[in-house]
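Here's the structure, in structure tokens; my notes come after.
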Amino acid sequence: MLKHTIAVCLTAAGLAGLTVLAPAASAQAPITLSPEESQQLCAEWLPKLTQRTTKLTERINGGPEIRGSVANLKARAEDQRKKGHNDTADRLQKRADKRNGRLPELTTAKQKLDAFAGAHCKAGK
């Protein structure tokens, strides 16, 4: 689920980057959107993607009581280690480390989404 969400966010954010970075890439033509398509993207997709990145970031940074947070995974790993289940504890610890490593990707995606919104979306709509 997390990988899928991040992929969707980065794909949408990548669309924003393609219009700006296309001149640097000689093999690809820039993607152009009609005003209607751009407005639909701004009205429908952008808020959803921004909300998803925010929710994921809050979940990852949540406390031990938040299921799926890094703190929760580390607490579960410690609990399993106390019970003598070191393999499970190691798996949970690796999961926590990997999940914590996703924060920079989410931050980058959020920045790209915000940059696209600022450049292509009208504030009044």
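Computed over neighbours whose Cβ is under 14 Å from that of Gln80, the net charge equals +4, Lys and Arg +1, Asp and Glu -1. Shown in residue order for the range 106-111 are the 3J(HN,Hα) couplings computed by the Karplus curve 6.51 cos²θ - 1.76 cosθ + 1.60 at θ = phi - 60°: 5, 5, 5, 4, 4, 5 Hz (x for Gly and Pro). At full extension, Lys98 and Cys121 could sit 4.9 nm farther apart than now, given 0.36 nm per residue minus the alpha carbon distance. The range 37-119: D in µm²/s via Stokes-Einstein (Kirkwood Rh, Cα pairs, 25 °C, 0.890 mPa s)? Answer, rounded: 172 µm²/s. Annotation for Ser34 and Asn61: the two label points, set 7 Å from Cα along the Cα-Cβ direction, are 4.0 nm apart. List the aspartates and glutamates whose Cα sits under 20 Å from the Cα of Lys82, skipping any in the same chain fewer than 8 residues away. Once the sequence-local aspartates and glutamates are set aside, what remains near Lys82 is Glu65, Asp90, Asp97.
Any read-out appearing in this document is the output of simple, stated calculations on the displayed coordinates, not a laboratory observation. Because the structure is a prediction, the values reported are computed rather than measured. All Cβ positions, even for glycine, are placed from backbone atoms using ideal geometry, and neighbour counts span all protein chains on display.
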